Amino acid sequence: MALPSHISANPAGPSSSRTPVYALVGNPNCGKSTLFNALTGLKQKVGNYPGVTVEKKVGTAYSQHGQPITVIDLPGAYSLAARSPDEAVTRDVLLGRRADTAQPDRILCIIDATNLERNLYLVHQILDLGRPVILVVNMMDLAAASGVTVRINRLEQELGIPVIACEAVNGKGLIELKVAMSRPDLPLARHAWDIPAAIAPAVAELQASLVANDRKAPFIARAEALLLLTDQDSVRVSGSTPLHARTEEILRAWQKRWEGEGTDWAGTLVNSRYDAIGRIAADTILQTGTSAGPTISDKIDSVVTHPVWGWATLGAVMTLLFLSIFTLAEYPMNLIDAQMAALGDWVKNAMAPGDLRDLITSGAIGGVGGGIIFLPQILILFFFIGLLESTGYMARAAFIMDRLMSRVGLNGKSFIPLLSSYACAIPGIMATRTIEDQKDRLVTILVAPLMSCSARLPVYLLMIAALVPGDRVPVATKVGIMVLMYALGTLGAFGFAWLFKRTLLKGAPPLMIMELPPYRLPRVKDVALHMLERAWIFLRRAGTVILGISIVLWFLSAYPKATEGATEQQQLAQSFAGRAGHALEPVIKPLGFDWQIGIGLITSFAAREVFVSTMGVVFNAEAKDDDTTPLRQAMAAAKWPDGRPLFTPLVCITLMVFYVFAMQCISTIAVVKRETNGWKWPLFQIAYMTGTAWLVCFIVFQTGTALGF
Amino acid sequence: MSASLKLSELTVGASAIVREYPKTGSAFVRLREMGLLTGTRITLIRTAPMGDPLEIKVRGYNLTLRKSEAEHVLVELVA
């Protein structure tokens, strides 16, 4: 079925008054983001497609004459037969299936010149859509270096659409591209390929049904009919219009018939596309030189994925990442802390004492400060993740770790998010976007906060200090306990991942069909943009939730008001939080905790490190300048009403175990809510983590007591 | 015609031609879409440090797949 060539596509022309909308599509790793950044600069808006956790990026480019052009950056896809929510969104937008996003007028297709054949597969599917397409052949320089010349003119003649040679990293070809994008009329592709005879009748029947029942335009209907044949699992995401029952019926009938006949319908279709691509490639690729031996990437990989050096490299990269987070983030974090304290003091001085002042200083400023304190870690982590991704190392890390991760039913891509969570679960959870499989991603999000993050350190340190007082105890014991807590969290994370993959989020074992792209030099601009974008998303989306919960928690500890002249300690004791602590005592007593510890558990729901300051108020021994000695002494003196000491070594251990498992961080909750698009999963996460914390603490304390500790 | 063997049984560095593998299943349809077709020449580049997944060269680029999929892909050695 040949399309008429060189039809001017009028409805899509920017001659009309409205801004033309381009969709930017391409395979992963073909330089799509770089091109998008180069086209739109900082004029980008990042949001979510409603109902799916796929990022929607829209930017504005300007033509040579200053006319605005809207560009939607669709998620990278290898095929329109979607295998992940990302690819499903790309498919649905291009087919006009999404109610929230109008079908783009024109399509900008970017391909990697060094990998023409596989990249052309997606192009071949896209040309079916009968929309005006501009083809951008990126990485011409890299192709030339490897002895391959892509004859742009021939490709243009072959396809009948504008083809632009481009080097997105240094802006070459950008002007030509913008000129092409502002053309009022674009030719449609000369896209002649024969649908294999074995499946042609089915395509015709499906097309007819899609036109009649699903009200699709003929071209789109044909393209969709072809996709249905390879889209076996039909990855459906919310927001996409379902097919008419009649169309589904026809599809199933044909599949049943083919199964009976032994027809390989999907294979036939893919084969015929690759045959057509093969003919195009033979005509347009000029092998100007033979690549002399292994490429630079091959040489790097022989070290980086080596059975010995591979682990060493991975270890070194991860150590560097953690050292940077812990050392570099400390200064800005202290600075934010100090600035927030200064702001609080300023408000205290400027306003008359009263509830409003307390609300602003303790509730609002405290809450906002507690949220943005995570910014330095998020920025540093995403700087590293951006670097790892744009150089190509990320794929290698996933390759190396896949075997280990597969033991719990995940794949290698969950490794970096989980590892990052040792620093802070927030960026770790935000980094799960690279995991295509929705269930795997959810499992990773659910277990990520079990990795002991840096906010648990103050609690661990205080408990260890209370547990093994004085300097008589060897440092090794303290380190040993610390390592034990980290091990416990890690074990918990993998245990629950294993459990969830087998029960709640049961699914096919994740695929590891992944490209290992050649190593490339990172682009500072792209990495910086990515990093700032993440930080902004965190502030905007998580900020409101963090602020809201902080104010609630402030209210709980500030009301009802104690009588005039009460100390901070007395105020807290008789506040809602204090009363809740009392009410909680029967529940936490089997863990060895009294109501005073209960207050700490409640207030530290905001963030784990708050436990330390709450204990300071509860025991009237504020830690000054990070020196917890007075607090430690006060805690050592704390007793149950019957005179037994409260903080026995066993209780200290149990309390640490509680913090290993319990979901005590509103910023994480806020991020999980954003990343899973609702309250269902964060609430489940609070329930399962805190439930586990209680259970494990119960076992630890009761066993310990029975053993006479 | 040399004997066919499984892709998972290739030795590192060996090249082979893909003969056949299952028609259905999302992994196998995706492998086809990634360019792994009957008659396509592939080379086993390496295995990951723990022996799985595999890295192969196909149509000029490097692709990973797990042994569990590679076991179903029949190939024929080429010199």
Of the residues in the stretch A:110-125, those that are β-branched (Val, Ile, Thr), part of a helix (DSSP H, G or I) and buried (at least 24 other Cβ atoms within 10 Å of the Cβ) come to A:123
Just to be sure before I move on: is residue B:18 hydrophobic (A, V, I, L, M, F, W, C), part of a loop (DSSP other than H, G, I, E, B) and either within 7 Å of chain A (Cβ to nearest Cβ) or touching a Ser or Thr at 6+ places or on another chain (Cβ under 8 Å) (or both) in the structure I sent? no
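For the stretch A:408-441, how many residues meet the condition of being among the β-branched types (Val, Ile, Thr) and assigned to a loop (DSSP other than H, G, I, E, B)?
Residues in the stretch A:408-441 being among the β-branched types (Val, Ile, Thr) and assigned to a loop (DSSP other than H, G, I, E, B): 2 in total.
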Of A:373, A:429, A:400, the only residue that is closer than 21 Å to residue A:608 by Cβ, in contact with a helix residue (DSSP H, G or I) (Cβ under 8 Å, 6 or more places away or on another chain) and modelled with pLDDT of 85 or more is A:429
Restricting attention to the stretch A:279-296, the residues that are in contact with a strand residue (DSSP E or B) (Cβ under 8 Å, 6 or more places away or on another chain), at pLDDT 85 or above and within 13 Å of chain B (Cβ to nearest Cβ) number exactly 1
Test residue A:708 against the stated conditions and say whether it is over 20 Å from the mean Cα position of the chain (by Cα) and at positive phi.
yes
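So that you can scan it fast, the table gives a plain yes or no per residue for (1) surrounded by fewer than 18 Cβ atoms within 10 Å (Cβ to Cβ); (2) under 18 Å from residue A:358 (Cα atoms):
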site: A:572; (1), (2): no, yes
site: A:584; (1), (2): no, no
site: A:604; (1), (2): no, no
site: A:620; (1), (2): yes, no
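Looking only at helices (runs of 4 or more DSSP H) that lie completely in the stretch A:132-241, which have at least 1 residues being within 14 Å of chain B (Cβ to nearest Cβ)?
Working: elements: A:140-145, A:152-159, A:174-181, A:200-212, A:218-230.
Ranges flagged: A:140-145, A:218-230.
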Filtering the stretch B:64-79 down to residues that are at the interface with another protein chain (Cβ under 7 Å from one of its Cβ atoms), more than 19 Å from residue A:267 (Cα to Cα) and in a strand (DSSP E or B) yields B:64
Residue A:390 vs (1) in a helix (DSSP H, G or I); (2) among the hydroxyl-bearing types (Ser, Thr, Tyr); (3) closer than 30 Å to residue A:504 by Cα: all pass except (3)
Per the list (1) surrounded by 17 or more Cβ atoms within 10 Å (Cβ to Cβ); (2) within 12 Å of another protein chain (Cβ to nearest Cβ); (3) in a strand (DSSP E or B); (4) under 9 Å from the mean Cα position of the chain (by Cα), residue check on residue B:43 breaks on (1)
Restricting the stretch B:47-58 to residues that are at the interface with chain A (Cβ under 7 Å from one of its Cβ atoms) and surrounded by 22 or more Cβ atoms within 10 Å (Cβ to Cβ), the one nearest to the chain's Cα centre (by Cα) turns out to be B:53
Those residues of the stretch A:95-109 which are in a loop (DSSP other than H, G, I, E, B) and among the aliphatic types (A, V, I, L, M) amount to A:99, A:102
- In this structure, does residue A:561 turn out to be among the charged types (D, E, K, R), in contact with a helix residue (DSSP H, G or I) (Cβ under 8 Å, 6 or more places away or on another chain) and part of a loop (DSSP other than H, G, I, E, B)? yes
Reported set for the stretch B:21-40 where residues are outside any helix (DSSP H, G or I) and either within 7 Å of chain A (Cβ to nearest Cβ) or free of Cβ contacts under 8 Å to residues at least 12 places away in the same chain (or both) is B:23, B:24, B:25, B:34, B:35, B:37
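Do we find that residue A:550 is part of a helix (DSSP H, G or I), under 37 Å from the mean Cα position of the chain (by Cα), free of Cβ contacts under 8 Å to residues at least 24 places away in the same chain and assigned by TED's automatic domain parsing to the domain that holds residue A:653 in this structure?
Working: part of a helix (DSSP H, G or I): yes; under 37 Å from the mean Cα position of the chain (by Cα): yes; free of Cβ contacts under 8 Å to residues at least 24 places away in the same chain: no; assigned by TED's automatic domain parsing to the domain that holds residue A:653: yes.
Answer is no for this residue.
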Could we say that residue A:528 is within 20 Å of the chain's Cα centre (by Cα) and either more than 14 Å from chain B (Cβ to nearest Cβ) or crowded, with 21+ Cβ neighbours inside 10 Å (or both) here?
yes
Among the residues that make up the stretch A:182-198, is at least one of them modelled with pLDDT of 90 or more and not basic (Lys, Arg)? no
Restricting the stretch A:531-570 to residues that are surrounded by fewer than 16 Cβ atoms within 10 Å (Cβ to Cβ) and within 22 Å of residue A:46 (Cα to Cα), the one modelled with the highest pLDDT turns out to be A:532
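For residue B:66, indicate whether it is of a type in the set (Lys, Arg) and surrounded by 15 or more Cβ atoms within 10 Å (Cβ to Cβ). Before you say what the answer is, go through the steps one by one.
On the way: of a type in the set (Lys, Arg): yes; surrounded by 15 or more Cβ atoms within 10 Å (Cβ to Cβ): yes.
When the stated conditions are applied, residue B:66 passes them.
The values are calculated or read from the model by the stated rules, or taken from the named source; none is laboratory data. Model, not experiment: these values are computed from the prediction. Quick reminder, even Gly has a Cβ in these numbers, built from the backbone with ideal geometry, and neighbours come from all protein chains shown.
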